[in-house]
Amino acid sequence: MDLATFFNQVPDPRRAEGTRTPLPAFLWMVFLAVASGHGGYRGMGKFAKSNAAFFRTYFGLRHAVPSHVSFRSVLQSLDKVFLYQVFNQHFAAPLQAGDWVAGDGQSLRSTVEEAQCAGQRFVSVVGLYCQRTGLAAAMQDYTDQKNGELAVLRELLPLLQNRGVVFTLDALHGQKKQPPPS
């Protein structure tokens with residue numbers, strides 16, 4: 001699957017009324033901004049504004065390009081389950097027998113909620129990365145404290161089963177499953 005086909009298949013979470021930028025054009029702007037080194041919502045907004053003439057002409061936009069607020073609200077409202085499924089099926093790194101695959105989890109900056117409470121929450125992502133290609137082989141996120149990095153990694157490993165790859169993981173992932181208390 002190529003990116004254009006994928007961008008056309010992503011369900012648009014926005015209401016039709018007031019939508020100024022079609023979702024495929026919006027996703028192309030996100031992709032081009034990130035590929036050009038402009039991470040974060042403000043970076044995407046600045047990139048879109050600095051290339052507004054091109055985007056308006058190429059995508060046939062009648063209004064201004066999206067602002068950083070639009071990038072934030074639209075990206076946060078996309079169906080993450082759909083995106084992960086498509087990524088893991090079509091865009092994951094091609095693996096060969098003998099490839100080394102590193103697994104690790106990272107907490108995403110600026111996603112903390114209820115920072116002053118003992119039960120603060122934040123989004124974390126667990127990824128499996130092919131060291132030969134430098135590309136992600138599988139990804140999944142989690143936000144709740146019940147489903148931690150170890151559990152998410154165990155869900156991802158079957159995606160790479162019987163491929164002949166070598167896994168390198170943190171010591172955290174070397175834990176044996178604890179039996180329930182008797």
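Here is a yes/no grid of residues against (1) touching a Lys or Arg at 6+ places or on another chain (Cβ under 8 Å); (2) assigned by TED's automatic domain parsing to the domain that holds T133; (3) surrounded by 15 or more Cβ atoms within 10 Å (Cβ to Cβ); (4) at negative phi:
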{"residue": "F31", "(1), (2), (3), (4)": "no, no, no, yes"}
{"residue": "S36", "(1), (2), (3), (4)": "no, no, no, yes"}
{"residue": "G39", "(1), (2), (3), (4)": "no, no, no, yes"}
{"residue": "G43", "(1), (2), (3), (4)": "no, no, yes, yes"}
{"residue": "F55", "(1), (2), (3), (4)": "no, no, yes, yes"}
{"residue": "R62", "(1), (2), (3), (4)": "yes, no, no, yes"}
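Looking only at segment 6-48, which residues are in contact with a helix residue (DSSP H, G or I) (Cβ under 9 Å, 6 or more places away or on another chain) and among the charged types (D, E, K, R)? Hits for segment 6-48 are D12, R14, R20, R42, K46.
A quick yes/no check of all residues on (1) over 19 Å from the mean Cα position of the chain (by Cα); (2) of a type in the set (D, E); (3) more than 25 Å from Q85 (Cα to Cα); (4) at pLDDT 90 or above:
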| position | (1), (2), (3), (4) |
| --- | --- |
| D2 | no, yes, no, no |
| T5 | no, no, no, no |
| D12 | no, yes, no, yes |
| P22 | yes, no, no, yes |
| L27 | no, no, no, yes |
| V30 | no, no, no, yes |
| G43 | no, no, yes, yes |
| N51 | yes, no, yes, yes |
| F59 | yes, no, yes, yes |
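I need the full set of residues from segment 37-67 which are within 12 Å of A25 (Cβ to Cβ) and part of a helix (DSSP H, G or I), in order please. Residues satisfying the conditions are A48, F54, F55, R56, T57, Y58, F59.
Rundown of residues vs (1) within 13 Å of the chain's Cα centre (by Cα); (2) modelled with pLDDT under 80; (3) closer than 27 Å to L32 by Cβ; (4) part of a strand (DSSP E or B), yes/no style:
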| site | (1), (2), (3), (4) |
| --- | --- |
| V81 | yes, no, yes, no |
| A93 | no, yes, yes, no |
| A115 | no, yes, no, no |
| E155 | no, no, no, no |
| F167 | no, no, no, yes |
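Beta carbons closer than 9 Å, at least 6 apart along the sequence or on distinct chains, pair a first residue in segment 151-166 that is farther than 11 Å from M139 by Cβ with a second that is among the basic types (K, R) and loosely packed, with under 13 Cβ neighbours inside 10 Å for R154/K177.
The values are calculated or read from the model by the stated rules, or taken from the named source; none is laboratory data. Everything numeric in this text was worked out from a predicted model, so none of it was measured. Positions of Cβ are generated from backbone atoms using ideal geometry, with glycine treated the same way; all protein chains shown enter the neighbour counts.
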